[in-house]
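In what follows, a single structure is set out as structure tokens and then discussed.
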Amino acid sequence: MTYYGKCIEIVIEQLDKFKPEKDNPEQFLETAASSLQQTLSPQKLGFVLEILSGCLEYRKLLTIVVDAFYVRDGRHCLLADYSLFEVICYLAMFQLDELGFQLFCSIIKSQPVRKTCKFLRFFFNPLNLCSWIKDEWSLIYETSHVKENWIDPLMRWQPEVQELINQLEGVSTDQIPLLKTKAKVTEPKEFNLTVPKPRAIAMPEPVPTVAKPKPVPQSTYQEPKEQQLLQMIKRYNRRNAEELLLRANMEELRCAMPRSRRNPQAQDLEKQQQQQHQSAPRICRIPSLTFYKPNSFPVKLNTATILREGALYQRQVEKELQRVDKLVDGAGDFSEFLEWQKKMQAKDLEEQLAASECRRLQGKLSHEEAILARQNLMQENKQKADQKKEETAELMLQCAERRLQEEKSLKELVEQVNETQKNVKVAQMKLVKGRQQIVQEVMEESRELLQRSSEAAKEEKRQRCELIAQLRALETQPTRKGKLVDLTQIPGYGLEGEMSVVELRERLALLKETQKREQEEKRDQIIQDKRAKSQKLQNTVEQISLCRAAMGRTAALRSEEKKALAASLGTPSQDERVLELQRRMEERAAERRRQTAQLHVPPPRVVRPQLRAQAEAQHWLELDRSRERRLQAMQEADRTCQPTHHLEAA
């Protein structure tokens, strides 16, 4: 037993030294054999090298089993015993049939009993062998090879190994010394400590009273009169500037505008309105007009866009010339169509105002509904909290009952373990004779293996010497030198257009010169074409800028007419949708007030006047911006859809 125990310890030490990231298995075996050859006998050296080489060769299979053992059953085992479990796994897989069961038992008994029993029970478990161990090994080797050579032999030895595990567990329990009962047992006594006095209840601290602050003056939330006066002056100056711009646009290029067929009464009314505007009082006089910069920035156009826009304006100019020719010949204008168009635009504007009012009321209605939903959610959360408290109380009771049951089961398990610890020392004497026979057989086999390995090494050394002699003989043979090459000589293969290397180089140089000359000519032609094209594009851009200026003036005139029409319409008419939304909003507000009265919910905080004034100023600023954006969109639509009337001047 000590003989095999020392051999296994040597193998474990060598496996601990092996590092798969740095060491080569063959070199490691050679160094291990050279280091152990002086200290071990030939028989022990052969046994140790055989086990060590097998563990290194099948390291992947062994690590799969040992890693799984540490994860599942060997969580409390030390990592220092990793090599021990690898050796036991290798002996059970590959050496159990050769060594025999008796010699395997002696090797197992020479190692720590508890560790080996735990590992063998895990490894020879039929459920583990036939399920995940077989699947993992099949990923490395073929399934049929794994089943025939490893799984089936292990399953065949499983009953005998199970008996061995039971015997070893019995021996380990018998080796535990029983505690000697003493006659007298120390009885603990309680300490005689003084009982602490109950703590006195402290008096509550008085709540400090804070003096009532002075109210904030109303002038803080009011806008100063100077600022109101400045804003009124600014609005009046802007209105005068817009009137002057409108008048300048109306009086410019009047010869190209179509004359509308209206009654003389309408013309008189227009003159009277102009006189009234001129006689209106002025608050302040401005020496010159101030025009605001537009929000749109100039965009860099590419060639295709410039040509496309130039062609578009050219077509519009041709259409306008045709229309002027028709008017000169006596054709009618579009006054009736324009009047109908104004009526339809006024109708559309009324519908838009009604729709905006509907959206505002829908927003208020959704706000009321959100408040109602929040109140309902508060009630539901309160009910859920009460229900959760009841559930937690029930769970605490169930947890206490489960703990009592677990304590009872643990007590029963301890009693069962104490009953199963009995004497298991009977089988040791029966195995002594079998071990002696197995030792003799192993010694004979190790001698034969050493003889075979020495003969194989001698044969390999002889073959290497012969191969080295052949290589040296080949190196001593002389080598042939290359012949000289004449570049002016024709090869003479009989091909058409055959020439020498010098002639080929001259022809290539001439070809490069001609190609370079053609490239320079082509480059000059491209530069001339680009200059002509850029000049043409510049002329087109100038024409486009003139056309855009004319169209901008017409769009400004049209936008002023629309502003006057919108101002004359006034407030939108109340339709059925607006009335229905107002009624629903009132119902929701009444329901919210009723629920707040029931729940005693404090009303929302009143918005301070300053915040209300800031919100109102922000609202009017957004309205002005939306109005400017709408004006820009209408100008772009008029540029693309409406016919232009001032292109002849451009």
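Multiply the residue separation of W620 and L327 by 0.36 nm, subtract the distance between their alpha-carbon atoms, and state the gained length in nm to one decimal.
Answer, rounded to one decimal: 100.9 nm.
Work out the FRET efficiency for I490 and K512 from their Cβ-Cβ distance, taking R0 = 25 Å, and round it to the nearest 0.05.
It comes to 0.60.
Among 27-33, 44-50, how do they line up from the highest to the lowest mean number of other beta-carbon atoms within 10 Å?
44-50, 27-33
Quick one: dipole size for segment 351-422, taken about the Cα centre, charges +1 on Lys/Arg Cβ and -1 on Asp/Glu Cβ, in debye to the nearest 20.
Value, rounded to 20: 260 debye.
When the convex hull of the Cα atoms of segment 3-105 is projected onto a plane and the area is averaged over all directions, what value comes out in nm²?
Across all orientations, segment 3-105 yields a mean hull projection of 7.0 nm².
In the structure shown, do any of K6/K44; K109/K433; K44/K430; K19/K60; K109/K430; K60/K134 have a Cα-Cα gap over 18 Å, and if so which?
K44/K430, as the Cα separations exceed 18 Å there.
Would you mind computing, in nm to one decimal, how far apart the modelled labels at I527 and A311 are, each placed 7 Å from Cα along Cα→Cβ?
With each label point 7 Å from Cα toward Cβ, the separation is 3.1 nm.
Expected output is a single nm value to one decimal: the length gained when fully extending between K189 and L431, i.e. 0.36 nm times separation in residues minus the C-alpha distance. What is it?
Stretched out fully, the K189 to L431 stretch lengthens by 81.6 nm.
Where does each of 340-352, 211-223 land if you order them by average Cβ count within 10 Å, highest first?
Peptide ranking by packing, descending: 340-352, 211-223.
In segment 82-177, what GluC sites (Glu not before Pro) fall in a loop by DSSP, with at most 16 other Cβ atoms inside 10 Å?
Passing sites in segment 82-177 are E142.
Sticking with the crude label model, points 7 Å out along Cα→Cβ, report the distance from S34 to E98 in nm, one decimal please.
So the label points at S34 and E98 sit 2.6 nm apart.
Which residue, Y58, S35, F85, has the largest displacement toward the positive end of the dipole of segment 6-150 when charges sit on each Cβ (Lys, Arg +1; Asp, Glu -1)?
F85
Treating only the Cβ atoms of Lys and Arg (+1) and Asp and Glu (-1) as charged, compute the dipole magnitude of segment 4-48 about its Cα centre; round to the nearest 20 debye.
140
Sort 462-468, 493-499 by the packing proxy (mean of other Cβ within 10 Å over each peptide's residues), most packed first.
462-468, 493-499
Read the figures in this text as sums done on the coordinates, not as results from a lab. The shown structure was predicted, so the numbers you read here are calculated from the model rather than taken from an experiment. When we count neighbours, we look across all protein chains shown, and the Cβ atoms used for this are built from the backbone with ideal geometry, even at glycine.
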